[in-house]
Every structure is written in C-alpha cells, then in structure tokens.
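Engineer: Below: one structure in structure tokens.
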Amino acid sequence: MTEVASSVVHEVLGQRAQDVDEPIIDYIINVLADDDFDFGLEGEGAFDAVGELLVAAGCVSDFNECRSVCSTLCEKFGKHGLVKDKPIMRSLATPLRMNDGMDEEEAPKKKPEPIEGPVLTERDKAKMERKKRKEERQRESEFQMHLAEMEATRAGMPVVCVNHDGGGGPAVKDIHMENFNISVGGRDLIVDGTVTLSFGRHYGLVGRNGTGKTTFLRYMAMHAIDGIPDNCQILHVEQEVAGDNTTALQCVLNTDIERTQLLEEEAQLIAQQRELEVEDATRKSNGELNGVMDKDVTAQRLEEIYKRLDAIDAYSAESRAATILAGLSFSPEMQQKATKAFSGGWRMRIALARALFIEPDLLLLDEPTNHLDLHAVLWLETYLTKWPKTFIVVSHAREFLNTVVTDILHLQAQKLTAYKGNYDTFERTREEQLKNKQKAFEANERSRSHMQGLSFSPEMQQKATKAFSGGWRMRIALARALFIEPDLLLLDEPTNHLDLHAVLWLETYLTKWPKTFIVVSHAREFLNTVVTDILHLQAQKLTAYKGNYDTFERTREEQLKNKQKAFEANERSRSHMQAFIDKFRYNAKRASLVQSRIKALDRMGYVDEVVNDPDYKFEFPTPDDRPGPPIISFSDASFGYPGGPLLFKNLNFGIDLDSRIAMVGPNGIGKSTILKLISGELQPSMGTVFRSAKVRIAVFSQHHVDGLDLTSNPLLYMMRCYPGVPEQKLRSHLGSLGVTGNLALQPMYTLSGGQKSRVAFAKITFKKPHILLLDEPSNHLDLDAVEALIQGLVLFQGGILMVSHDEHLISGSVEELWAVSEGKVTPFHGTFQDYKKMLQS
C-alpha cells in the first residue's frame with residue numbers, strides 16, 4: 001500500500017517531489033497511506049493534515065494550489081481504492097469535525113412568530129434592501145474620504161531632519177497659540193483654544209479617548225495653528241520608518257542631512273586631492289600652474305568643511321545615535337541590521353530614536369511607551385527628564401507621566417487647560433478646583449433655594465430686612481443658619497414662624513442635612529420626618545435613643561433588632577460564598593476548591609459605589625459554568641518556529657479560574673507566543689499543552705484594531721459577528737463595556753484607539769469566557785479607562801493572564817508575576833516595584 005501511495009504522490013507532485021528532502025516526502029506518504037486516514041470532502045482532510053507542510057517544503061507555491069493538489073491526491077487515491085468512506089478508527093493526526101456522527105436530517109424549523117403590525121410587501125422589502133445598500137456605499141465612501149484626508153495630512157508633514165541653523169530668524173523660545181479652533185469631519189474638537197508652551201517645559205497631554213489629542217498634535221506638526229513661528233521645527237512621532245536596506249544606525253544618522261552631505265563632499269575632495277598629487281609632477285615639468293591653483297582651491301574648501309563639521313558636532317553624531325538606539329534596546333548587532341528586517345514595533349522605536357537624535361524645537365510624542373519593554377521605558381524616562389527643550393507627550397502610563405512631565409494640558413469639553421506639576425499633582429489640583437467650583441455653585445443655589453423654600457419670592461429676596469416683620473426676620477435668621485452649614489446647628493421651635501409650605505420644605509432640607517443638628521419642637525410629624533435620634537430629658541437624666549419620635553418609646557430589644565438587621569444586610573452579599581467555605585472546610589477532597597473560594601472572598605472585599613461608574617465601566621460577564629480542574633496545563637512543552645531554534649524548552653505550569661498573573665519581560669522574548677500556545681493558535685513542538693474541553697478562552701492582542709471593520713459601526717459589527725442574537729442584547733453588552741448611546745452607532749474609523757479597544761473587548765467577551773488572555777490591554781486607553789479596566793478585572797470571576805508593562809494596571813489587578821527570560825517562564829517572588837529595582841540595578 002505504501003508503494004502505491006508513493007507512486008501517486010510522486011505522480012501528482014512531479015519534479016518538485018524530487019527537490020524536497022526525502023524524510024519530508026516519506027512522512028507525507030506515510031500519513032496519506034495510513035489505513036485510518038480520512039481524506040475528507042474533496043481532500044479537505046489531506047489539506048488539514050499536510051497542507052502547511054507542503055507549502056513550507058516548497059512542494060506547492062501557495063495554499064490555493066495546495067488545496068487543488070490535495071483534491072487531486074484524494075481523487076488518485078480513490079481510484080486505487082485507498083480512500084475509505086467511513087473509517088472505524090481515527091488517527092490522532094486526523095482533524096476532528098464537530099458534526100461527525102450527527103443526524104443528517106434537518107432539524108424541525110421553529111414556527112415563525114406572528115408579526116405585529118402591517119406585513120411588508122415584496123416592493124417594500126426591495127426598497128429597504130436598496131436603502132441598506134445605499135447606506136453601506138455611503139459608509140464606504142466616507143471611510144475612503146477619511147483615508148484620503150489622512151494621506152493628505154501625512155503629505156503635509158515637514159521633512160524630518162536635523163536643523164543646525166534654526167531655520168532662520170531668532171531662536172524659538174515660548175510658543176503662544178491663541179483663539180484657535182480644530183474640527184474634524186464637521187465635529188468641533190477644540191473651540192477658542194489658548195495655550196502657551198514655555199521653553200524647556202515638558203507637557204503631558206491628557207483627556208478622554210476621542211477628545212482630539214492626536215489631532216491637536218497633527219495640527220501643530222503642520223503649523224496649522226496661528227502663533228507657531230515659521231522657523232520652529234516640530235516633529236510628531238506618529239509613523240514607523242519605512243523598511244529598506246538602510247541600517248538602523250544609518251537611518252538615524254541620515255536625518256542630519258548637512259552632515260551627510262559634508263562627509264560625502266569631504267570624501268570626494270580627498271580623492272580629488274590624491275589625483276592632483278599624482279599629476280602634480282607632470283604639471284610642474286610642463287610649467288603649468290592650473291594644477292597648483294586647483295589644489296589650493298580644494299584645500300581651502302576642505303578647511304571650510306572641517307570647520308563646519310566641528311561647528312555642528314558631526315564627529316560625535318554616530319556615538320550619540322548609537323547611545324539612543326542602545327537605550328531603546330537595540331544591541332550593536334541590531335543597529336547594523338537593515339530596517340526592513342525589523343517588525344513594525346521595532347521600526348517605531350527607530351522613528352522614536354530619530355526624533356530624539358534630531359532634538360527639534362518642539363517634540364510631539366503619541367503613546368511612546370506602547371512598543372517598548374520595561375527596560376526601554378525606564379531609559380526613556382531618564383532621557384526625557386533631561387530633555388533641554390519643549391515636548392508634549394500623550395500617554396496612558398500614569399507613572400511615566402509622573403516621571404517625565406512638568407506640566408499637564410487637559411483636553412475636555414472642547415477646552416484646553418494647562419496645569420503645573422505632574423499627573424498626580426494635576427489630579428489633586430483639578431479635584432480641588434472642581435470642589436471649589438461646585439462649592440461656589442452650590443452656595444449660590446443654596447442661598448436662592450433657602451429663601452425660596454422659606455416662601456421668599458424673587459421680589460422679596462431683594463427687599464431690605466427692615467421692611468419685614470419679626471416673623472419674617474426670624475425666617476431670614478433661619479436661612480442664614482442653613483446657608484452657613486455649621487458643624488452643629490441648634491434649632492428651637494423652628495416651625496413656629498413657618499407656614500405649611502415652608503415646613504414641608506424645611507423637612508425635606510433637614511432630612512438631607514450632612515452634619516449634626518439638635519431641634520426642639522412640639523410637632524410630632526416634623527420630628528418623625530427630620531430626626532434620626534431622640535435625646536430624652538427626664539428626672540435630671542439625659543438618655544439617647546435611636547430612631548424618630550415614634551420609635552423613641554421602644555425598648556432596647558428593638559434597638560438590638562435593628563442593629564442585627566443592619567449587620568445581616570451588610571453580610572448578605574458575602575453569605576453564599578461563606579456558606580460553601582463552611583460546608584466543605586474539613587472535606588479533604590474539596591480542599592482546593594475551598595481555598596479557591598477563600599481567595600475569591602478576600603479578593604472581592606467590600607466593593608464601594610465608585611466601582612459602578614456610570615460614565616466609564618468595564619463589566620466583564622460572569623461565566624455561567626465553572627469547569628473542573630485542570631483547566632490549562634503545560635507538561636514539558638517546548639516550542640520553536642519552523643526552521644528556527646527553540647524559543648522555550650520544557651515549560652511546566654498551569655492556569656486555573658483563580659489565576660491572576662502578569663507576564664513581564666523584554667519585547668521579543670516570546671510573551672505573546674506563550675499566549676498563542678495557551679489559546680491553541682500555536683501547537684508545541686514537543687511536550688503537551690492541555691486545555692479543558694469546556695473552557696472558553698478570550699484573547700485580546702496588541703493588534704486588535706486590525707481585525708475591526710472600520711467601515712461599520714460597533715453595533716453592526718457585533719451583529720455580523722453574532723448573527724441571530726437580538727439587537728438589544730448586543731447593545732446591552734456593548735454598554736457594559738462603555739460603548740453606549742450614539743457611540744455604538746458611529747463609524748469605527750471615527751472612534752479613538754481606546755474606544756476601538758472597548759469594541760474589541762465586547763467582541764471577545766460576549767460568550768462569557770472563563771479565561772482572559774490580555775496582550776497589552778492598556779494600549780490606546782486613556783487614564784480613566786485604565787482605572788475602569790482595573791475595577792472590571794478585579795470583579796471578573798475567572799482567570800486572567802496578561803502581558804503588560806503598565807505598573808498601575810499590574811499592581812491593581814493581578815496577584816502574581818511571571819518573568820519570561822532565556823526560554824523559561826518562572827514565578828517572580830516580589831512586587832512589580834521589586835522587579836523594576838532589579839532591572840535598574
């Protein structure tokens with residue numbers, strides 16, 4: 001049988017089979033000749049089993065040809081009687097189809113529910129279909145216009161190069177931008193903006209996703225805002241460098257155009273000088289002096305070049321460029337590699353290195369830490385702290401902003417406001433300002449409310465106090481006391497001078513009084529409404545009672561009963577979990593489950609109201625089921641990409657539903673590869689990776705935006721991803737992740753990076769996963785969104801494994817660190833601060 005299979009394979013592949021190593025061809029023949037091998041429909045089984053190997057070995061040019069070849073192999077094997085219809089046994093290498101063994105008969109269709117309202121005619125349906133196609137064409141057209149605008153914007157950016165002479169004019173110091181407006185697609189982002197950038201200050205630009213931070217940077221880079229001097233060199237680090245044969249080091253040095261031109265001219269003149277020296281003897285014997293004159297001219301020009309090279313500090317440029325690249329984790333060997341050999345993230349680092357080398361008058365950085373590992377982030381923090389000129393940075397990393405910036409520019413509600421200090425100082429200052437504004441507003445409103453509540457009409461509020469009677473002046477005294485809000489307010493029969501309307505208002509007002517008051521009153525209903533405690537003076541004794549006047553005469557037993565009720569209400573939210581712990585605490589078989597519940601209980605704690613932020617929230621759905629252990633386990637698993645060395649060797653670890661883990665390590669070490677091994681996107685080269693058949697895994701990757709349909713809106717995108725699911729259910733799920741209201745209906749190309757991230761989170765968590773695998777989840781998110789993400793992860797009832805270098809996110813949401821280095825994954829015994837200190841030492 002093997003001989004027949006060999007002849008068929010060689011017949012179909014032809015000469016290409018002779019060019020492939022013999023062990024590979026033998027392996028393919030043995031797989032196809034297996035008695036239990038299932039070729040599937042039109043060779044799909046063969047394609048699944050050996051398709052990738054055929055393409056990798058060069059037997060076929062691409063996967064389309066591979067499918068055709070596998071179909072031909074299936075046909076040829078069938079003619080020789082080697083294809084069996086229903087194999088009794090299956091090979092472990094054979095793909096498993098979920099519909100094998102199921103009844104071929106169609107399931108009975110559900111009867112359509114009666115439609116309320118008029119039934120649509122065929123003409124109406126055709127009209128709605130035409131309208132739908134028109135809307136799709138319009139969305140596509142708007143998206144293409146958006147792309148064209150972006151290309152035009154990039155084309156308008158200035159040339160990136162070192163400017164030694166300052167571009168003419170006086171040296172640029174402070175930049176004053178006044179009364180400018182910025183809008184995109186008819187939507188105003190900044191209105192009447194005014195800001196002054198002081199020379200040498202380091203600004204952090206913060207604001208919610210979608211407020212226009214990146215657009216503001218682009219407008220400044222294009223000198224599209226009045227007030228920016230023409231000779232001010234502004235560099236916006238937004239795009240990665242183009243990949244070509246230029247080395248990383250030379251790519252940085254090439255930004256100094258004048259230095260490059262001078263060095264080229266120097267080399268040409270030196271070569272010309274040598275030629276003149278060879279011809280000098282001949283010219284002298286013939287009595288010609290032109291050669292001597294040419295030599296003098298060359299020497300004079302060389303002297304000018306050397307002076308200029310000294311003036312622009314050209315000879316130290318290479319060491320400066322190499323130092324910057326080294327700080328961004330480029331080894332000496334990597335600095336000599338061509339830029340086309342690097343991934344997009346590394347080319348983004350080269351773009352950042354060029355910007356730091358150029359030292360423009362104003363440097364604009366948009367999320368510079370996104371593509372950096374922790375070592376590079378620490379170096380960049382140190383480098384930017386010593387930056388001599390002005391820069392503006394947009395970042396979601398709180399600790400990074402606290403380290404590098406001296407001022408904060410806050411973009412909110414189309415207004416740009418400057419604050420002194422780092423991000424922590426900005427938060428404190430802004431909180432204090434908001435409190436003061438709120439106090440001023442509330443004071444004004446309170447004074448009006450008090451007077452109006454005490455039956456003073458607007459006209460009466462403007463009258464002189466001498467015009468009022470004693471009773472009305474008593475009301476004015478009461479209004480003053482309420483406005484002052486003393487620590488202790490004493491009221492003696494306050495209702496005596498009030499009408500019913502004023503009494504009802506005072507009842508409502510005192511019910512919400514935030515501080516302490518004591519009132520003497522004879523009005524039983526007034527006391528029942530406004531007081532929480534009673535002080536009873538009798539027989540020279542003062543006794544305190546809880547409750548209003550009706551509860552005053554009740555006994556202490558009733559007081560204890562009320563306390564018990566309050567205690568039970570406080571404990572009710574934790575009782576179901578505590579009951580499980582108490583029930584199985586001494587059951588050896590369930591010891592691990594008990595410990596898991598104890599950890600979950602400690603992790604839950606007492607949740608404050610601030611977790612349910614109505615404006616910004618991440619509410620990950622809780623799985624309906626909890627698969628039993630083991631969930632995910634690695635047993636001596638090793639992995640390496642085909643044709644390359646092993647990246648990891650003999651990995652042994654496990655993940656369960658209580659895992660809260662962050663993987664740390666430099667970029668390129670393989671953290672994302674481990675996530676792919678866990679999710680099943682990659683298979684180990686050796687060893688095993690076990691995944692429970694019942695576990696659901698959600699993966700959030702660094703390049704999640706690439707998978708979104710930018711021409712669609714979030715709701716339509718979710719409807720396409722999950723057809724048949726009710727629209728309201730999808731809206732609710734999007735809303736649980738902060739994509740609410742009109743935001744769910746906006747085209748996704750108009751959304752900010754953080755808003756797109758929330759759409760991606762909605763897509764991956766809709767099926768209620770048990771495990772979240774997060775690859776840099778805080779990228780593109782603003783600082784408030786990161787806080788909400790932390791709270792969402794704390795409340796998530798499942799396992800978490802994340803890759804991140806965001807200290808605030810890691811410290812707030814995980815309990816364990818795994819360090820990835822030298823092909824191993826090992827637990828790090830210490831905090832994230834300890835890990836940072838280890839890198840710095």
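Engineer: Name the single residue that is nearest to Tyr835 (Cα to Cα) among those in the stretch 792-808 being crowded, with 21+ Cβ neighbours inside 10 Å and at pLDDT below 90.
Structural biologist: Per the stated criteria, the residue is His805.
Engineer: Among the residues of the stretch 660-693, which ones are modelled with pLDDT of 90 or more and basic (Lys, Arg)?
Structural biologist: Within the stretch 660-693, Arg660, Lys676, Arg691 qualify.
Engineer: Can you find a residue that is in a loop (DSSP other than H, G, I, E, B), more than 30 Å from Met145 (Cβ to Cβ), at pLDDT 90 or above and among the aromatic types (Phe, Trp, Tyr) anywhere in the stretch 199-213?
Structural biologist: Yes - at least one qualifying residue is present in the stretch 199-213.
Engineer: Out of (1) in contact with a strand residue (DSSP E or B) (Cβ under 8 Å, 6 or more places away or on another chain); (2) not in a helix (DSSP H, G or I), the odd one out for Asn370 is which?
Structural biologist: Here Asn370 meets the rest and fails (1).
Engineer: Give, as residue ranges, the strands (runs of 3 or more DSSP E) completely inside the stretch 614-685 that count at least 1 residues that are free of Cβ contacts under 8 Å to residues at least 60 places away in the same chain. Even if it seems obvious, please write down each step before you answer.
Structural biologist: Values: elements: 632-639, 648-655, 660-664.
Correct list: 632-639, 648-655.
Engineer: Then there is this: Suppose the filter is out of contact with any Pro (no Cβ under 9 Å at 6 or more places or on another chain), in contact (Cβ under 8 Å) with a residue 40 or more places away in the chain and either in a helix (DSSP H, G or I) or of a type outside the set (D, E, K, R) (or both); does Ala477 pass it?
Structural biologist: no
Engineer: On the given criteria, is Trp505 part of a loop (DSSP other than H, G, I, E, B), out of contact with any Pro (no Cβ under 9 Å at 6 or more places or on another chain) and assigned by TED's automatic domain parsing to the domain that holds Arg448?
Structural biologist: Taking the combined requirement at face value, the residue does not satisfy it.
Engineer: Say we look at the stretch 519-560 and pick out the residues that are over 56 Å from the mean Cα position of the chain (by Cα) and among the β-branched types (Val, Ile, Thr); which of these is modelled with the highest pLDDT?
Structural biologist: That would be Val520.
Engineer: Related question: Please go through the stretch 722-740 and give me each residue that is within 16 Å of Thr622 (Cα to Cα) and not hydrophobic (A, V, I, L, M, F, W, C), ordered by number.
Structural biologist: Result: Lys729, Ser732, His733, Gly735, Ser736.
Engineer: In the stretch 297-336, which residues are acidic (Asp, Glu) and either in a helix (DSSP H, G or I) or more than 22 Å from Glu265 (Cα to Cα) (or both)?
Structural biologist: Glu303, Glu304, Asp310, Glu318, Glu333
Engineer: Could we say that Gln452 is without any contact (Cβ under 8 Å) to a residue 60 or more places away in the chain and within 30 Å of Glu787 (Cα to Cα) here? Steps first, please.
Structural biologist: Values: without any contact (Cβ under 8 Å) to a residue 60 or more places away in the chain: yes; within 30 Å of Glu787 (Cα to Cα): no.
So Gln452 does not fit the description; no.
Engineer: Mind counting the residues in the stretch 34-68 that are in contact (Cβ under 8 Å) with a residue 12 or more places away in the chain, in a helix (DSSP H, G or I) and more than 19 Å from Asp21 (Cα to Cα)?
Structural biologist: 9
One line per residue, one yes/no per condition, for (1) touching a helix residue (DSSP H, G or I) at 6+ places or on another chain (Cβ under 8 Å); (2) in the same structural domain as Asp782 (by TED's automatic domain parsing); (3) among the basic types (Lys, Arg); (4) farther than 30 Å from Asp192 by Cα:
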| position | (1), (2), (3), (4) |
| --- | --- |
| Val393 | yes, no, no, no |
| Gln412 | no, no, no, no |
| Lys415 | no, no, yes, no |
| Glu427 | no, no, no, no |
| Arg446 | yes, no, yes, yes |
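Engineer: Every residue in the stretch 214-230 that is assigned to a helix (DSSP H, G or I) and in contact with a His (Cβ under 8 Å, 6 or more places away or on another chain), please.
Structural biologist: Initial filter on the stretch 214-230 (assigned to a helix (DSSP H, G or I)): 214-221.
If the condition is that a residue be assigned to a helix (DSSP H, G or I) and in contact with a His (Cβ under 8 Å, 6 or more places away or on another chain), then Leu217, Arg218, Met220, Ala221 are the ones that fit.
Engineer: Right, another one. Output the residue which, of all residues in the stretch 458-505 that are modelled with pLDDT of 80 or more and of a type in the set (Gly, Ala, Ser), is surrounded by the most Cβ atoms within 10 Å (Cβ to Cβ).
Structural biologist: Looking at residues that are modelled with pLDDT of 80 or more and of a type in the set (Gly, Ala, Ser), I get Ala479.
Engineer: Inside the stretch 751-817, counting only helices (runs of 4 or more DSSP H) that do not spill past its ends, which hold 3 or more residues that are aliphatic (A, V, I, L, M)?
Structural biologist: Values: elements: 753-765, 783-795, 807-813.
Fully inside the stretch 751-817 and qualifying: 753-765, 783-795.
Engineer: Given the conditions (1) under 27 Å from Ile810 (Cβ atoms); (2) touching a residue at least 24 places away in the same chain (Cβ under 8 Å); (3) not charged (D, E, K, R), and given that Thr403 satisfies all but one, which numbered condition is not satisfied?
Structural biologist: (2)
Engineer: Please list, ordered by first then second residue, the pairs with beta carbon atoms under 7 Å, 6 or more apart or interchain, first in the stretch 809-822 and surrounded by 15 or more Cβ atoms within 10 Å (Cβ to Cβ), second modelled with pLDDT under 90 and hydroxyl-bearing (Ser, Thr, Tyr).
Structural biologist: Leu809/Ser778; Ile810/Ser804; Leu817/Tyr835
Engineer: Still on this structure: Filter the stretch 226-276 down to residues that are in contact (Cβ under 8 Å) with a residue 60 or more places away in the chain and of a type outside the set (A, V, I, L, M), then give me how many there are.
Structural biologist: Final tally of qualifying residues: 19.
Engineer: Here is a further query. Within the stretch 346-368, can one find any residue that is farther than 23 Å from Cys251 by Cβ and either in the same structural domain as Leu325 (by TED's automatic domain parsing) or among the acidic types (Asp, Glu) (or both)?
Structural biologist: No, the stretch 346-368 contains no residue that is farther than 23 Å from Cys251 by Cβ and either in the same structural domain as Leu325 (by TED's automatic domain parsing) or among the acidic types (Asp, Glu) (or both).
Engineer: Of the residues Leu745, Leu772, Leu751, which single one is at pLDDT 90 or above, surrounded by 21 or more Cβ atoms within 10 Å (Cβ to Cβ) and of a type outside the set (Val, Ile, Thr)?
Structural biologist: Leu772
The values are calculated or read from the model by the stated rules, or taken from the named source; none is laboratory data. In this text, all values refer to a predicted model and were calculated from it rather than measured experimentally. Methodologically, a virtual Cβ is constructed for each residue, glycine included, from the backbone with ideal geometry; neighbour enumeration extends over all protein chains shown.
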